[in-house]
Structures are given as structure tokens and as C-alpha cells.
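Chemist: The structure follows.
The numbers here are math on the coordinates, done by the rules we state, and not lab data. Just so we're clear, the structure is a prediction, and the values are computed from it rather than from any experiment. Virtual Cβ from ideal backbone geometry, glycine too; neighbours counted across all protein chains shown.
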Ligand SMILES: Nc1ncnc2c1ncn2[C@@H]1O[C@H](COP(=O)(O)OP(=O)(O)OP(=O)(O)O)[C@@H](O)[C@H]1O
Ligand SMILES: [Mg+2]
């Protein structure tokens, strides 16, 4: 692992080596997909009913943070429908013509997966409206005054859109999906199941407390859980450990500076600067960024969301504040009368 990017371990984005490994660890059937009970049950109804009717399934929109299983679900939809799958992404479709070419080559019942659908260009989006609703596109031939539009019928297909930013999707596009599934962060128990399955595929032996330890450091995200599992595997191999128990998992992940709550070096640096240099805040974002030697944007978009989600940091109009839970997590005593110190609300401290 390179030490260049401190976010490699607990960041939610994909790391280069990860693509092939992720593909291998992806569940292929809906029943192997762990957690997300509500979405799974609803989706299963949508698919089953279209199978009974013998038609292509309704268009499906999947939204939620990175690494929670949107791409995995899109692939499962195609395989559950025994339909071919075409994969593209919003940024790849810059011209309406790009999309028209894809749409006009779809076969009946095919699943078209558009990842990052919120990043599609406006003209392509408008073309998609008609295709989704009427299974028809108008192809423009020629330029200027001589241009004519030729209507083209499309075979019924299923569009699966994925987005990390459902709020950025224009209403008319959102409304054309028959079903929207929002993926939530996973519980520790669910992540343990994901890990157990992955360990089986990686031929790793891990005790139940070992799984629990890795799961509790995985930030509610299967992608991170699988990544930490691979790092634990490296550690175990080098240390000649056959069966990974809780102490091994803990020691391995401490080596990679992923702490008991899944915070990495930058997350901790932010909290430490807040607590030890400013008595818990409030501190302006730019000051905080300078103190930890990072860009303002990195602190705001990379470290903060998880700290806020965990109830360790709060944003106020006057700046950032460390919560009582943050002090405790760092092993510090929260100031007695600090009006500025909020008590952690989202989660109780874990030992
Ligand atoms: N419910 C699940 N059960 C088991 N494994 C899962 C589950 N969800 C995700 N994973 C695993 O996590 C990894 C990441 O999932 P996936 O690529 O589907 O996330 P994503 O939501 O598409 O992320 P992004 O927004 O970055 O594209 C996959 O390798 C997959 O094996
Ligand atoms: Mg994806």
C-alpha cells in the first residue's frame, strides 16, 4: 500500500487494485445481497412481477453514498431478469448522439445501467426522458435549416440509474423511474455477514470476534469492510497467523492507523487539533485545515462527513466544535462547563 493517499484505507472511492477484486466479491443474486432489507424486498417485487407479466422491469433508480452496493444491485437486476447488461456512465455520455447510439442498439429486455446519472449532459437527459417513457427517440439528421428528425422505435428495456447525489437529479428525470431504492449505511452485524462471505471466498479463517472487530472499523460501508479484510489478510500472512482473532484484527488495523471507530490519521488529526489546540472549538474550517496540513476542501469533504455522522464533530455558524464523544474517543476529559461542547447525539461511545 502506498502511503501517499491517507484515504486509501477508509476512503469510500475505489482504489485501482480494487476493481478486479470487487468484481470477484460481488454477490450475484438478490438473496446473497446482505442487508438493505427494505430495498431488497421492494426490488424483488418489482422484478418478480415483471417476470410474471413477461415484460421488461420498470426503470430503477438507486441512490446512496459510495460503496454501499449500487453497481452490485444493478448487476443483480440484470442477472435476476436473465437479461443482458449494458454499462455506461453519466460523464461518458456528453452528447445526445452518444446516448442515441447506445439506446438504438439495445435488445429487447436489456438492462442499461447508467452510473453517476446525475452527471449526464442536459441534451442527453432530454433524449432519455422520451426513451424512458415512450421507448422512442428522435434522431436528428443533418444540421441547421436542413436538419430533420427521424423517430426511432426502441425495444422495451430497463434503465437502472445510480447516483450518490439524488438531490442533483432534475425532477422530470427522477419522476420517470418506476422505483427508487435508497441505500443506507450498514449495521455492524450486516458488515460481519459481508465479511464472512468475503473471507470464505478469499480462503481466510477469522473468528467471530475477529469479524466483529473489522466490521466495527468499516464505517458502515461494505467496500471499506472488504478492503480492511484484505489488509488484515496481508498482516496475517506476513505474521504467519492462520486464524485471525480479535486481537490480531485489532493489531493489524492499528498498524494501518484505522482506529476502533474507523477513524484514520486525518480524522484523528482534525479532532486532536480541535480539542488540544482550541479547547474543543469553535474553530473556522480554514484554520482547522492549516493545523492539520490539508486543503480546506479535503477536510470538509473527506474527513468531516464521517465525523459529523458519528456525532464526533458539529458544524455551527461560528465554526467547528468537538462533541463530548470526540473528547472521550481521544481519551481526553471533556471541559466541565464548556457551553460550546455539545454532547454526542448520534452514537454512544464504544469502548
Ligand atoms: N449488500 C452487499 N453484500 C455484500 N457485498 C456488498 C454489498 N454491497 C456492496 N458490497 C461489496 O462492496 C463493494 C462495493 O459495492 P458497489 O461497487 O456496488 O458500490 P457502489 O454503491 O456502486 O459504489 P460507488 O458509488 O462508488 O459506485 C463490492 O465489491 C461488493 O462486493
Ligand atoms: Mg458503483
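Chemist: Let me have the 222 nm mean residue ellipticity of the chain computed from DSSP H runs of 4+ only, each contributing -39500 (n - 2.57), with the sum over all residues rounded to the nearest 500.
Modeler: -12000 deg cm²/dmol
Chemist: When only C-alpha pairs under 8 Å and at least 6 residues apart count, what is the relative contact order of the range 36-182, in percent?
Modeler: 35
Chemist: Can I ask one more? Find how many whole Å separate the alpha carbon centroid of the range 35-91 from the alpha carbon centroid of the range 117-133.
Modeler: That distance is 19 Å.
Chemist: Hey, can you rank 194-202, 20-28 by average C-beta count inside 10 Å, highest first?
Modeler: In descending order of packing, they fall as 194-202, 20-28.
Chemist: Now for a separate question. So, in nm, how far is label residue 134 from label residue 336 when the simple model puts each one 7 Å beyond its Cα toward the Cβ?
Modeler: Modelled inter-label distance: 7.5 nm.
Chemist: Further question on the same structure: On full extension of the chain, what length is gained from residue 166 through residue 29, given 0.36 nm per residue of separation minus the C-alpha to C-alpha distance?
Modeler: Once the chain is fully extended between residue 166 and residue 29, it gains 46.8 nm.
Chemist: Here's another thing I want to ask about it. To the nearest Å, what is the center-to-center distance of the range 272-343 and the range 247-265, using C-alpha atoms only?
Modeler: Going from one Cα centre to the other spans 21 Å.
Chemist: Among 298-309, 282-293, what's the highest-first ranking by average C-beta atoms within 10 angstrom per residue?
Modeler: So the peptides 298-309, 282-293, ranked by packing, come out 298-309, 282-293.
Chemist: What residues from the range 209-227 fall in the zone where the backbone N is under 18 Å from a label point 7 Å along the Cα-to-C-beta line of residue 17?
Modeler: Only 223-227 pass the distance filter.
Chemist: For the chain, what mean projected area does the convex hull of the alpha carbons give, in nm²?
Modeler: With the hull built on Cα positions only, its mean projection is 21.1 nm².
Chemist: Quick one: helix 222-238 against the long Cα principal axis of the chain, what's the angle to the nearest 10°, folded into 0 to 90?
Modeler: The answer is roughly 50 degrees.
Chemist: While we're on this one: Would you kindly work out the equivalent ellipsoid of the range 31-174 from its C-alpha gyration tensor and give its semi-axes, the square roots of five times the eigenvalues, largest first in whole Å? Display every interim value, and only then the final one.
Modeler: Values: eigenvalues 157, 64, 26 Å².
Taking √(5λ) for each eigenvalue gives 28, 18, 11 Å, largest first.
Chemist: Going highest first, how would you order 176-184, 71-79 by mean Cβ packing within 10 Å?
Modeler: Details: 176-184: 17.4, 71-79: 21.0.
In descending order of packing, they fall as 71-79, 176-184.
Chemist: Residue 51 label point, 7 Å along Cα→Cβ, cut-off 13 Å on backbone N: hits in the range 79-93?
Modeler: Only 79-83 pass the distance filter.
Chemist: Looking only at the chain, where both bridge partners belong to it, what percent of the DSSP beta bridges are antiparallel (to the nearest 5)?
Modeler: Here the share of antiparallel DSSP bridges comes out near 35 percent.
Chemist: Compute the length gained on full extension between residue 309 and residue 150: take 0.36 nm times their separation in residues and subtract their Cα-Cα distance, giving the result in nm to one decimal. All intermediate terms of the calculation are to be shown ahead of the outcome.
Modeler: Working: separation 159, 0.36 × 159 = 57.24 nm, distance 5.07 nm.
Length difference between fully extended and current span is 52.2 nm.
Chemist: Rounded to the nearest 0.05, what FRET efficiency is calculated for residue 290 and residue 328 with R0 set to 22 Å and r the Cβ-Cβ distance?
Modeler: Values: r = 26 Å, r/R0 = 1.18.
E between residue 290 and residue 328, to the nearest 0.05, is 0.25.
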